[in-house]
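Undergrad: Let me give you the structure first, and then I'll get to my questions.
Every read-out reported here was derived from the displayed coordinates using simple, explicitly stated rules and does not represent laboratory data. None of these values were measured; they are calculated from a predicted model. Don't worry about glycine lacking a Cβ; one is built from the backbone with ideal geometry, like all the others, and counts go over all protein chains shown.
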Amino acid sequence: MKTYDMIVIGGGPGGYVSAIRGAQLGLSVALIEKEHLGGICLNWGCIPTKSLLDSAKTLTAINNLTKDGIIINDLQVDHNVIFQRSRAASEKLVKGISYLINKNEVDFFSGTAVISGVYEVTVKGKNSIILKSKNIVLATGASPKKLDSVPTDGKKIWNYKDALKGLFIPSSLLIVGSGAIGMEFASFYNSIGTKVTVVEAMDRILINEDSEISKFAKKSYEKKGIKIILNSHVVSISEKKNLVEAKISSEQDNVKFDAVLVAIGITGNSDSIGLEEIGVKTELNHIQVDEWCKTNVDGIFAIGDVASAPWLAHKASHEGVMVANLIAGKDPIPVNKISIANCTYSYPEIASIGLTEQQAIDKKIKINIGNFPLIGNGKAVVLDDTDGFIKTIYNAETGELLGAHMIGPNVTELIGSYAIGLGLEITDEDFVHTILPHPTLSEAIHESALDALGKAIHI
């Protein structure tokens, strides 16, 4: 039995970052992972999906080259290589994490961890071992949420992990759920020639986004050939020879597809890790925590997807650092969730941070709104990619930035400016007096601030 200053269960972007930071602060740290370092994000989420979407973006650009006077005859696409490339990107990053774990002298244990007593963790594997610590960080992540009416089988009825395996390229695909995961896969499969249908139970797609973004995105996806059915749900699924037949609540006739992808969200991996025995509180499989990621049990912390929303890798990493600082006796700063950016890497890209217009109204805040269409941005015109806009929300009395909502080319990179802005409590006047280079997409940030003050120039 070995005792550590800190034990981290789960090697995803929350867990491995927390372990490394703890070791950097001089703590003795054990990291336990039952599958692969990097967790879902690096192995089955953030990284491989972005690789697939990058390939799809390249293919779309090639197909549009005739407008630039470039003609490519006999274009061939090897889908196997596209999926292999995504796996290679993941494997490269996982190796890098393994190197960092060793470099920072974190003790790594491969196996399934269970809290087996007060301040005690049993690692079950080839050689089971008991570890002890007064500080245990739960970073066990989450799994795809299941839908009773559409049970996945890993063959023709997929969850997001199945969709990343490249089992086959369906001619037609039904996606259940229109969150970021669903719409990213919709964009990818649409780009490589699959006929995609998305079914959403709510009255709009991307429900967490500003409603103006959601409406614009729906029109943009539909222009690209993606069929979107709102206010509907899948009643039942049945396999018919080589096809899957779906009964959709709003459709009169059953519809046939080559495959179905269920993308209705995630559920925390809080089962079977010993929480009940020590009395850690959970709600809907997610562990309840305070602003410091402390659970109701002293010495037990939870970070990332197994804890509270938003369920994003970058939020998990920052929580991991905060908890490591707290355990080491430093003076950590709690994660400000309103300042966490959310990105959807579809085509077009979508990025947002802070309050939506409706949230600001609900809080009874007097607001000024700036909205700049990318058709007025020189770089977007040069890129021939003007489908989008930047919407910014400011406090009408103080000028403080409250939120930013973007759709269009490379907005997942531009959103970083607003993340810094929210953290520094930047105002509309600060953006107006910032000189941004020309021609760049970033100029739309300046123009949106101008519009909020009624001073827009290029619209």
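Undergrad: Quote the FRET efficiency, to the nearest 0.05, computed for LYS103 versus HIS458 with a Förster distance R0 of 45 Å and r equal to the Cβ-Cβ distance.
TA: Efficiency, from the Cβ-Cβ distance: 0.35.
Undergrad: Quick one: which of 109-115, 333-339 comes out on top by average Cβ neighbours within 10 Å, and what's the full order, highest first?
TA: Highest mean packing first, the order is 109-115, 333-339.
Undergrad: Within the range 130-162, what residues put their amide N at less than 16 Å from the label point 7 Å along the Cα-to-Cβ vector of VAL235?
TA: 149-150
Undergrad: Moving on. Stokes-Einstein D for the range 3-110 at 37 °C, 0.692 mPa s, Kirkwood Rh over Cα pairs, in µm²/s?
TA: Value of D from the Cα-based Kirkwood radius: 205 µm²/s.
Undergrad: Now for a separate question. Using 1/(1 + (r/R0)^6) with R0 = 35 angstrom and r between the beta carbons of LYS126 and ASN285, what's the FRET efficiency to the nearest 0.05?
TA: Once rounded, the FRET efficiency stands at 0.75.
Undergrad: Can you give me the Cα centroid spacing of the range 327-399 and the range 417-459 in angstrom?
TA: Answer, in whole Å: 12.
Undergrad: Give, as ranges by residue number, the residues of the range 374-396 whose backbone N falls under 16 Å from the point 7 Å along Cα→Cβ of ASP430.
TA: 392-396, by backbone N distance to the label point.
Undergrad: Using only alpha carbon pairs under 8 Å that are at least six residues apart, calculate the relative contact order of the chain and give it in whole percent.
TA: In percent, rounded to a whole number, it is 14.
Undergrad: What ranking do 241-252, 304-315 get when scored by the average of other Cβ atoms within 10 Å per residue, highest first?
TA: Top of the packing list down: 304-315, 241-252.
Undergrad: Let me ask something else. Loop-only GluC sites (Glu not before Pro) in the range 330-407, please: DSSP not H, G, I, E or B, and at most 11 other Cβ atoms within 10 Å.
TA: GLU397
Undergrad: Now for a separate question. Would you kindly enumerate the cysteines in the chain that have no other Cys beta-carbon under 4.7 Å from their beta-carbon?
TA: CYS293, CYS343
Undergrad: A further question follows. Per residue of the chain, what 222 nm ellipticity follows from adding -39500 (n - 2.57) for every DSSP H run with n ≥ 4, rounded to the nearest 500?
TA: So the helix-based figure for the chain works out to -9500 deg cm²/dmol.
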